[in-house]
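The values are calculated or read from the model by the stated rules, or taken from the named source; none is laboratory data. Model, not experiment: these values are computed from the prediction. Note that each Cβ is placed from the backbone with ideal geometry, even for glycine, and that neighbours are counted across all protein chains shown.
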Amino acid sequence: MEPVLEAWELCKRYEGFSLSKVSLTLLPGTILGVFGPNGAGKTTLIKLLSGLFPPDSGEVRLFQLAYDDHEREIKDRLGYCPQEPPFYPDYTLVETARFAAPFYSRWDGALLYELLDRFRIPAHKKFRLISPGQKTLFSLALALCHHPDLLLLDEPAAGLDDANRRFLLDTLRAFAGDGEKAVLISSHVSDGLDEVVEQVLFIGAGKTLLAAEKEELLARWKWVHFRDNALDKALTAKLTAIRRHPFGSAGLCQDFPALREKLSGAMAAGDVRIENARLSDVLIQLTQGG
Amino acid sequence: MLNIMRRSSFFYLTHFMTFSLMPLVGSQGAALFVFLWLPSSVLWSERGESYAFLRLLPIRDRDVVRAKLSLGLAAVFAYWAWLTLLALVQWGVSAEFFARFSLINLLASAWPPLVALCYLGVWRLGARGMTFPLLTLMGVAAFIVLVLERRYFPHRWGDAGWGLPAAPWFLQVLLPLVGLGVFLLLARLGPRVKGDNDEHLQLP
């Protein structure tokens, strides 16, 4: 199976920030989540992947093609939903769609209007007059309505209400579900996206912190809740982010399979309880420690 | 390409419409004012442009550059044709007409490079970044234009060609060709300047 997206050691330097040597591979049928705190470099990474600007060094290939020689072919198959949709503020949504339509070989106007109806966005309203959430949804609709093979979404869940967030997650699942298309989605919070992503890439301060399959990651990272004196010091030392709660303490374990056997006695006695960690727990631990 | 040109043409059209009235109401040095009108058209049309949006679309930078510069060149041609037509209507095929035609050609030779330079500046610094330098430049140009118009045009229209009508015919052809040549050279730089700089990608 050939990757939909490959990036090798991407670097981009700005005043006061640099993205350094970020690599990733995205296979068809996969949803990759790029997570990191504010200013981690997620938007810069997505802009590089979308061809908005070129990297200082490194290489990006989409559908086995490079932007240098195949910019049109790549963008015809790419749906990019930027964090700040850059559409003309003085154009209505219909005018924006009419402007964009001739550039795409697989433009589907009916799908666009269906999505606008679904999102209840007035198509004849000027872009600058719709709400931030509606701007995101319109951007998503434009990204979807030319039947792309890859979606790059930069914090699309921000500003969406619960119903539209649910629709977004369902849409992403269905999009990648056919096994031929892929999604890369970025967020500074993983809540809500945990359930759809299959691969995760954590970045912080412009560097890759961790890249893994989500299931494999969450099989290793667990919260260990334990009563006072239920664990010896050696075991407790293997836990991080330890917090007190009324019935004991809880700590984050980064390699649960390695501890499972040692904890099995206490678990059987009811002194230790294991709970799945969330991606946000992993992210906070990786970026802030403690 | 046509969509991009159509959107960008609004200020070109409004500027041209206001300009086209100038010679009709008696401004003899209208050709000089093109040096103000063209940068102004570029500046105001580019301030409403969203290159970040264009970058999302399946279109190459070189096609965007071509669309923009084609529009600029079309505007140059429109100004040249309008001034030539007015001179022809007013003077018929006569020595006075050729004096004006020579002047128009002389000045018009500089318009294509001027338009191209304005666009390169926008792609290098962004429309907002170019606003202050361009307005300053236009202010200086306006001063020079007004001084020149007062000095040369009210009573000495016959000399307005600064002797160019007496120049060899090939020079009168050569100057516009040189202008076009410089325009084409600058146009070749366009995709590189646009591709290497991010400032113009700021949202409008």
Checklist line | Which numbered condition A:GLN285 misses (of (1) surrounded by 15 or more Cβ atoms within 10 Å (Cβ to Cβ); (2) in a loop (DSSP other than H, G, I, E, B)) | finding: (2)
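Could you tell me whether B:ARG62 is out of contact with any Phe, Trp or Tyr (no Cβ under 6 Å at 6 or more places or on another chain), within 26 Å of A:PHE53 (Cβ to Cβ), within 11 Å of chain A (Cβ to nearest Cβ) and assigned to a helix (DSSP H, G or I)? I'd like the intermediate steps shown before the answer.
Details: out of contact with any Phe, Trp or Tyr (no Cβ under 6 Å at 6 or more places or on another chain): yes; within 26 Å of A:PHE53 (Cβ to Cβ): yes; within 11 Å of chain A (Cβ to nearest Cβ): yes; assigned to a helix (DSSP H, G or I): yes.
Spelling it out, B:ARG62 is indeed out of contact with any Phe, Trp or Tyr (no Cβ under 6 Å at 6 or more places or on another chain), within 26 Å of A:PHE53 (Cβ to Cβ), within 11 Å of chain A (Cβ to nearest Cβ) and assigned to a helix (DSSP H, G or I).
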Next item on the list: Tally the residues that are over 15 Å from A:LEU283 (Cα atoms) and either charged (D, E, K, R) or touching a residue at least 60 places away in the same chain (Cβ under 8 Å) (or both), restricting the search to region A:217-227.
Entry: 1
Check: Looking at (1) crowded, with 21+ Cβ neighbours inside 10 Å; (2) part of a loop (DSSP other than H, G, I, E, B); (3) in contact with a Phe, Trp or Tyr (Cβ under 9 Å, 6 or more places away or on another chain); (4) without any contact (Cβ under 8 Å) to a residue 60 or more places away in the chain, can you tell me which one A:ALA40 breaks?
Finding: (4)
Item checked: Selection status of B:GLY72, among the small types (Gly, Ala, Ser) and either at pLDDT below 85 or crowded, with 21+ Cβ neighbours inside 10 Å (or both) -> yes
Item checked: In region A:196-215, the residues that are under 30 Å from A:LYS12 (Cα atoms) and free of Cβ contacts under 8 Å to residues at least 24 places away in the same chain -> A:ALA212, A:GLU213
Notebook entry, point to check: How many residues are in a loop (DSSP other than H, G, I, E, B) and among the acidic types (Asp, Glu) if we restrict to region A:130-164?
Noted result: 3
Next item on the list: Residue by residue through region A:105-129, note down the ones that are surrounded by fewer than 17 Cβ atoms within 10 Å (Cβ to Cβ), away from every other protein chain (no Cβ under 14 Å) and not in a helix (DSSP H, G or I).
Entry: A:ASP108, A:ARG120, A:PRO122, A:ALA123, A:HIS124, A:LYS125
Next item on the list: Within region B:38-47, identify whether any single residue is modelled with pLDDT of 90 or more, surrounded by 20 or more Cβ atoms within 10 Å (Cβ to Cβ) and within 14 Å of another protein chain (Cβ to nearest Cβ), and answer yes or no.
Entry: yes
Notebook entry, point to check: Somewhere in region A:44-55, is a residue in a loop (DSSP other than H, G, I, E, B), surrounded by fewer than 15 Cβ atoms within 10 Å (Cβ to Cβ), out of contact with any Lys or Arg (no Cβ under 8 Å at 6 or more places or on another chain) and free of Cβ contacts under 8 Å to residues at least 24 places away in the same chain?
Noted result: no
Notebook entry, point to check: Name the residues in region A:74-104 that are more than 8 Å from chain B (Cβ to nearest Cβ), part of a loop (DSSP other than H, G, I, E, B) and either over 15 Å from A:HIS124 (Cβ atoms) or β-branched (Val, Ile, Thr) (or both), would you?
Noted result: A:ARG77, A:GLN83, A:PRO85
Note to self: Suppose we filter region A:228-274 for residues that are in contact (Cβ under 8 Å) with a residue 24 or more places away in the chain and surrounded by 11 or more Cβ atoms within 10 Å (Cβ to Cβ); how many remain?
What the structure shows: 21
Check: In this structure, does B:ARG100 turn out to be at pLDDT 90 or above and either assigned to a helix (DSSP H, G or I) or within 24 Å of B:LEU13 (Cα to Cα) (or both)?
Finding: no
Check: Would you say A:PHE167 is within 13 Å of chain B (Cβ to nearest Cβ), of a type outside the set (S, T, N, Q) and more than 30 Å from A:GLU9 (Cβ to Cβ)?
Finding: no
Margin query: With the requirement that a residue be over 28 Å from the mean Cα position of the chain (by Cα) and either at positive phi or β-branched (Val, Ile, Thr) (or both), what does region A:219-253 give you?
Written below: A:ASN229, A:THR236, A:GLY248
Notebook entry, point to check: Could you say whether any residue in region A:78-94 is without any contact (Cβ under 8 Å) to a residue 12 or more places away in the chain and either under 22 Å from A:LYS135 (Cα atoms) or in contact with a Gly (Cβ under 9 Å, 6 or more places away or on another chain) (or both)?
Noted result: yes
Check: Just one of A:SER280, A:SER249, A:SER264 is in contact with an Asp or Glu (Cβ under 8 Å, 6 or more places away or on another chain), at pLDDT 85 or above and either closer than 26 Å to A:ASN38 by Cβ or part of a helix (DSSP H, G or I) (or both); which is it?
Finding: A:SER280
